[in-house]
Amino acid sequence: MEWKGRRQSDNVEDQRGASMGGSPFGRGGMRIPIGGGRRGGGGLSIGGIVVVLIICWITGINPLTLLSGGDIGFDGGDSSQQTQQGAPANDEMTAFVRTVLADTEDTWSEVFKSAGQTYQDPTLVLFSGQVRSACGFASSASGPFYCPGDRKLYLDTTFFNELSQRFGASGDFAEAYVIAHEVGHHVQNLIGVLPKFNQMRQRMSETEANQMSVRVELQADCFAGVWGKRTDQKGFLSQGDLEEALNAAQQIGDDTLQKRTQGYVVPESFNHGTSAQRMRWFKRGFDSGNMNACDTFSGDV
């Protein structure tokens with residue numbers, strides 16, 4: 001992906017190196033998944049708790065919020081612990097993030113304008129260690145997430161190292177896909193998908209909420225594909241970039257993550273979608289370049 005020398009977004013807050021003490025509480029941001037766990041919750045069996053811990057990265061909405069319908073705390077460690085000092089604001093990773101965000105701004109501004117609407121840019125917050133959002137506290141273990149309450153994306157860029165080294169999903173377009181997926185949730189927030197889901201889930205069972213969460217997440221993947229197509233049309237993608245994004249989608253599918261971490265899958269706990277589903281919907285958005293092709297709420301996914 002060719003990104004150097006292009007426009008960079010000003011809608012980035014750099015909170016790296018900030019101290020964030022106290023016990024954090026999660027309230028349902030929209031997250032990209034990866035392995036590892038940090039949550040437990042009342043009303044679950046031991047096996048259920050293990051599953052939640054294992055798939056904490058594959059939650060479209062905070063999984064314990066989905067299960068309990070309320071705010072759930074998690075252990076934030078020693079309250080006196082300081083977050084590590086972040087990289088300077090002009091480092092290469094920051095420039096990359098700003099450039100990708102700017103590209104999503106351009107894409108969705110064009111899409112919304114063609115529909116007679118105005119796109120409202122989100123803010124992307126860079127943090128290290130842990131961060132406070134309108135959705136509550138989150139640690140780096142929560143992965144990249146979008147908070148509808150403040151319309152901000154949250155990213156600890158060390159996630160990219162884990163994505164590459166632990167899960168074999170390397171490449172700048174794989175990293176850009178992660179950002180574009182979270183921007184996809186912002187688009188969903190603007191068009192009313194997230195508010196409607198948050199309202200509906202209060203009346204859903206755990207299984208129903210998970211199933212709907214899968215549809216929400218797959219649409220965000222499709223929206224990321226729409227962005228990717230338009231970036232390609234501008235001539236900024238290189239050979240192999242599409243494969244990088246599809247590989248990332250495959251590596252963070254619910255089934256792939258569960259097989260890797262526990263050796264078996266629990267389909268009823270899926271809330272981002274299988275590897276095949278995530279790859280298919282990203283590709284659908286990429287092939288069409290049209291958000292109207294991203295209706296994951298009608299028929300099978």
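Just so it is clear, none of the values below were taken in a lab; they were calculated from the coordinates. None of the values given here were measured: they were computed from a predicted structure. As a convention, Cβ positions derive from the backbone with ideal geometry for all residues, glycine included, and neighbour counts pool all protein chains shown.
Given the peptides 3-10, 138-145, arrange them by the average over their residues of other C-beta atoms within 10 Å, most packed first. Please report the intermediate quantities before stating the final value.
On the way: 3-10: 13.9, 138-145: 24.6.
Highest to lowest by the protection proxy: 138-145, 3-10.
If you add up the charges near residue 108, with Lys and Arg at +1 and Asp and Glu at -1, over every other residue whose beta carbon is less than 12 angstrom from its beta carbon, what do you get?
Working: positive: 113, 230; negative: 103, 105, 106, 110, 121.
For residues surrounding residue 108, the net value is -3.
Among the listed pairs 113/234; 4/229; 113/283; 152/283; 113/229, which are separated by more than 22 Å between their Cα atoms?
Too far apart for the 22 Å limit: 113/283; 152/283.
Contact order normalised by length for the stretch 132-211, with contacts defined as Cα pairs under 8 Å and 6 or more residues apart; what percent is it? Kindly include the intermediate steps, with their values, before the conclusion.
Numbers: 52 pairs, mean separation 17.8, N = 80.
Worked out over the stretch 132-211, it gives 22 percent.
Cut-off is 10 Å between beta-carbons; in what order do 272, 186 appear when sorted fewest neighbours first? All intermediate terms of the calculation are to be shown ahead of the outcome.
Details: 272 30, 186 27.
The fewest-first ordering by Cβ neighbours comes to 186, 272.
Hey, got a sec? Which chymotrypsin sites (Phe, Trp or Tyr not before Pro) in the stretch 200-277 land in a DSSP loop and have at most 13 other Cβ atoms within 10 Å? Display every interim value, and only then the final one.
Working: sites: 223, 227, 236, 264, 270; in loops: 236, 264, 270.
Filter output for the stretch 200-277: 264.
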